[in-house]
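Student: Please see the structure below; I have some questions.
The values are calculated or read from the model by the stated rules, or taken from the named source; none is laboratory data. Everything numeric in this text was worked out from a predicted model, so none of it was measured. All Cβ positions, glycine included, derive from the backbone under ideal geometry; neighbour counts span all protein chains shown.
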Amino acid sequence: MIRFSDRVLVGRFEPESDDNRWLKREADLMAGKAQDAMTARWSDRSDVWRRWNVVRLVGLFRRWSCVDLLQWTPIGEKPMPELIAWWRYSVAIDQIDPVAVSTTDPPVLWRGHRVLYGADDFEEKTAALARRRAYSLQTAMERGGLARQPSVGTKLGLERVMRSLRIEFVKTGQSKYELRPIGDDERASA
């Protein structure tokens with residue numbers, strides 16, 4: 001779960017805990033309303049419902065203005081999860097519609113390890129390992145000052161800032177990335 005003053009992101013498969021129970025239930029309730037609206041308006045797009053992995057509640061608690069169903073690349077597939085698809089449920093008019101997502105410069109998800117959990121077909125052990133690796137990479141990025149850069153919210157913005165700081169992602173194993181200085185040929189064992 002990722003909380004901001006005006007929005008909350010909750011992973012679809014995020015386990016319920018004492019800390020997040022109230023918001024997880026609220027997210028599930030609002031996602032259910034979005035599903036009803038999708039079934040009514042987009043009955044031929046039932047495939048969309050199976051793919052989203054994060055719900056974003058926008059607005060004040062229990063007075064949400066909209067609910068976004070977001071599909072991000074699976075954790076561990078890329079160093080920073082990228083937004084693939086976005087559907088917005090407008091609470092006031094009880095309607096859901098797709099929102100355009102750039103394929104060349106999609107938003108990236110900071111702290112994705114907090115909301116991206118595997119579905120039934122993703123082994124729990126593999127998902128836990130991918131989350132630990134993502135957390136480790138995220139921590140290195142924050143220590144390196146990337147999180148403080150204003151333009152790192154999209155793929156191209158993040159790449160631009162990383163080039164200016166002369167750092168890059170290096171894949172060192174299956175779903176494992178490291179942050180290294182550009183041109184550092186040293187490869188860690190997987």
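Student: Suppose we keep only residues that are under 18 Å from Asp6 (Cα atoms) and either surrounded by fewer than 22 Cβ atoms within 10 Å (Cβ to Cβ) or not assigned by TED's automatic domain parsing to the domain that holds Asp28 (or both) within the range 69-106. Which one would you say is nearest to the chain's Cα centre (by Cα)?
Tutor: Here is the first cut: in the range 69-106, the residues under 18 Å from Asp6 (Cα atoms) are 69-70, 88-92.
Filter again for either surrounded by fewer than 22 Cβ atoms within 10 Å (Cβ to Cβ) or not assigned by TED's automatic domain parsing to the domain that holds Asp28 (or both), leaving 88, 90-92.
Numbers: Arg88: 15, Ser90: 20, Val91: 22, Ala92: 25 Å.
Among residues in the range 69-106 that are under 18 Å from Asp6 (Cα atoms) and either surrounded by fewer than 22 Cβ atoms within 10 Å (Cβ to Cβ) or not assigned by TED's automatic domain parsing to the domain that holds Asp28 (or both), the one nearest to the chain's Cα centre (by Cα) is Arg88.
Student: All but one of (1) closer than 19 Å to Arg114 by Cβ; (2) assigned to a loop (DSSP other than H, G, I, E, B); (3) not small (Gly, Ala, Ser) hold for Pro150; which doesn't?
Tutor: Result: Pro150 passes all but (1).
Student: Looking only at residues in the range 34-74 that are out of contact with any strand residue (DSSP E or B) (no Cβ under 6 Å at 6 or more places or on another chain), among the hydrophobic types (A, V, I, L, M, F, W, C) and part of a helix (DSSP H, G or I), which one is modelled with the highest pLDDT?
Tutor: The extreme case among them is Ala40.
Student: Among the residues of the range 72-92, is there at least one that is within 19 Å of Asn20 (Cα to Cα) and not aromatic (Phe, Trp, Tyr)?
Tutor: Scanning the range 72-92, I find no residue that is within 19 Å of Asn20 (Cα to Cα) and not aromatic (Phe, Trp, Tyr), so the answer is no.
Student: Taking the condition of being within 25 Å of Leu60 (Cβ to Cβ) and of a type outside the set (Ser, Thr, Tyr), how many residues in the range 73-97 meet it? It would help to see each step written out before you state the result.
Tutor: Taking the range 73-97 first, the residues within 25 Å of Leu60 (Cβ to Cβ) are 83, 86-97.
Pick out the ones that are also of a type outside the set (Ser, Thr, Tyr) and you get 83, 86-88, 91-97.
Selection size over the range 73-97: 11.
Student: Being in a loop (DSSP other than H, G, I, E, B) and modelled with pLDDT of 75 or more is the filter; apply it to the range 162-189 and report the residue that is farthest from Gly144 (Cα to Cα). Steps first, answer last, please.
Tutor: Taking the range 162-189 as the starting set, the residues that turn out to be in a loop (DSSP other than H, G, I, E, B) are 165-166, 174-175, 182-189.
Then keep just the ones that are modelled with pLDDT of 75 or more; that gives 165-166, 182-183.
Numbers: Leu165: 9, Arg166: 11, Ile182: 14, Gly183: 17 Å.
So, considering only residues that are in a loop (DSSP other than H, G, I, E, B) and modelled with pLDDT of 75 or more, the one farthest from Gly144 (Cα to Cα) is Gly183.
Student: Hey, another quick one. Which condition number does Ser46 fail, the rest of (1) surrounded by 12 or more Cβ atoms within 10 Å (Cβ to Cβ); (2) under 18 Å from Gln95 (Cβ atoms) being met?
Tutor: Against the list (1) surrounded by 12 or more Cβ atoms within 10 Å (Cβ to Cβ); (2) under 18 Å from Gln95 (Cβ atoms), Ser46 comes up short only on (1).
Student: Within the range 111-134, track down each residue that is part of a helix (DSSP H, G or I), farther than 18 Å from Glu82 by Cα and modelled with pLDDT under 70.
Tutor: Within the range 111-134, Glu124, Lys125, Thr126 meet the criteria.
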